[in-house]
Every structure is written in structure tokens, then in C-alpha cells.
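As C-alpha cells, the structure follows; a few thoughts come after it.
Throughout, read-outs are computed from the coordinates displayed, never taken from laboratory work. Since this is a predicted model, take the numbers as computed values, not measurements. So basically every Cβ, Gly included, is an ideal-geometry build from the backbone, and we count neighbours across all protein chains shown.
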Ligand SMILES: Nc1ncnc2c1ncn2[C@@H]1O[C@H](COP(=O)(O)OP(=O)(O)OP(=O)(O)O)[C@@H](O)[C@H]1O
Ligand SMILES: [Mg+2]
């Protein structure tokens, strides 16, 4: 049975997709069998894994709507070292299409159960909103990984996210827990970073991951080559940081 981790933060541009792709690649490099689920209509995790989001025959939307099985929609044998359940702009229809359907919160959870034995870890890249797609991710997951940037507004919106996690935990998914807070695009030299660091430590305590991901141009360039930075520039600081993160997650969650 695999562990399922949702990367979520309704704030945009905090490093969810980048971390999903690079954590997937780094865990796979440590011999974990990984599935990356792209639940964002932007399709960034799919593209960053070398998939043309405009040419999908089947996507995670078809799976959510019960029109195809997860196994049939999963893309295997990519240049990257993990499998992908891809998503694209079609996902914007999910909210409306699922509105009247039964078990609309649990569609992803039920689908992932059918492939759980094939993977050690499933990572879910969420869209930047607390919508039905994110609710599906949180219902399917047992852990939540929250990437954030250490900036003035970093904590804004986090209480809404934690409230949503708590609601889903109490109503439908008692196993759900926050597995880590990940500081991305990190620059420890600024006094603002140190200030936000202190707030995060006070608020999250142990959940604040020790590994931080530095701002690194190779990390930003890698997606245009359809590769994780660990493959595109394996000796870069960004690549090293994601490898360290994978080890910390393995220790912390016994992955
Ligand atoms: N460590 C890093 N160093 C440099 N650039 C980075 C780093 N992490 C992410 N970026 C860049 O920051 C931007 C936002 O990152 P990303 O797309 O991963 O965020 P996101 O939270 O998934 O965004 P969205 O909310 O739109 O889905 C991207 O252009 C990405 O290339
Ligand atoms: Mg994203």
C-alpha cells in the first residue's frame, strides 16, 4: 500500500509543481516506485515531466469522471524515472462535471486505490485553490506537504488551508496529517526570511522541514526541457537540495 502525499497551497507560484516533479525524481532515484498525479488544469507537473499536455489521449479528468481507469490513463516509460497520471486544461470542467455526481470528493481516492500496489509513494500536485480538485487530493492523501516562500504574505491563507485539512480529516479522511512545511526559493541572508522562519517555527514546530530549497536558476530552467532538475543539472544546488529533501521525507514518513 502506497503513501499518498498532496502538495498543496492555494497561494500561487510557491513551488508546488516544481517540488512535486523534483521530489518525485529524487525519491525514484532512491529506488522508490513513484506515481505523480497532476491535478492542476495548468498541467505544469505533466509538462515538467516531459509530457505534451495538449496531446493527451486520456487524463486524470477522465479518471475522476469514471470514464477510464487510473491504470489506462497513467503514462509510463517516460525519460523521467517515475510514472505520471497527467492533467491539462480539461480539468477546469471538473468542478461543474462532478457537481451532481455521487462520491464527488472521493473520486481520486477510489481510483488511486486500484493502482496503490504498484507504487511506494503517490505525489499529487494541486491547483492554487481550495476547490473540488484539491478536496479530492486531500481525501485521497494521508499526508499534506505545504510548499511556501518565506515572504511577508507567506502565512496568509495558511489558516484557511489548515481548516480545510481539519474538516476533511474529521468528515471523510481520519488518516490525513500535515507531513511537512517546505521552504522554497529560500534565501537565508535576508532579515525578512529570518523573521518568517521564526514565525513558521513557532507556529508549526516539528512540521517545519529542515531542508530548504534555494532559489536556483537551473531549477527554473529544467521544466522547459521537460526534465526534473535532478536530471537536467544534477550537480546544481537546486538538484542537491531536492535529493536531501527526499532523504528527509523518507526518514520522517518511513517511505
Ligand atoms: N528553487 C527555485 N529556484 C528558482 N525558481 C524556482 C524555484 N522553485 C520554483 N521556481 C520558479 O517559480 C515559479 C513558480 O513555481 P511553481 O510553478 O513550482 O509554483 P506553483 O506553486 O506550482 O505555482 P501554481 O500555484 O501556479 O501552480 C516557476 O516559474 C518556477 O520555475
Ligand atoms: Mg503548480
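Which shape class, rounded, prolate or oblate, goes with segment 111-237 when its Cα gyration tensor gives a ≥ b ≥ c as root eigenvalues, a/c under 1.5 marks rounded, and past that a/b bigger than b/c marks prolate?
The shape class here is oblate.
Is it possible to state the helix-based mean residue ellipticity at 222 nm for the chain, with each DSSP H run of 4+ residues giving -39500 (n - 2.57), the sum divided by total residues, to the nearest 500 deg cm²/dmol? What is it?
Per the formula, -11000 deg cm²/dmol.
Under the rule a/c < 1.5 gives rounded, and otherwise a/b versus b/c splits prolate from oblate, where does segment 178-255 land using the Cα gyration tensor?
It is oblate, given that a/c is not under 1.5 and a/b is not larger than b/c.
Ranked from highest to lowest mean number of other Cβ atoms within 10 Å per residue, what is the order of the peptides 6-13, 186-193, 64-71, 18-25?
The most tightly packed comes first, giving 18-25, 6-13, 64-71, 186-193.
Pairwise over distinct Cα atoms, reciprocal of the mean inverse distance: report the Kirkwood radius of the chain in Å, one decimal place.
18.0
May I ask for the distance between the Cα centers of segment 75-106 and segment 1-52, given as a whole number of Å?
What the calculation gives is 13 Å, centre to centre.
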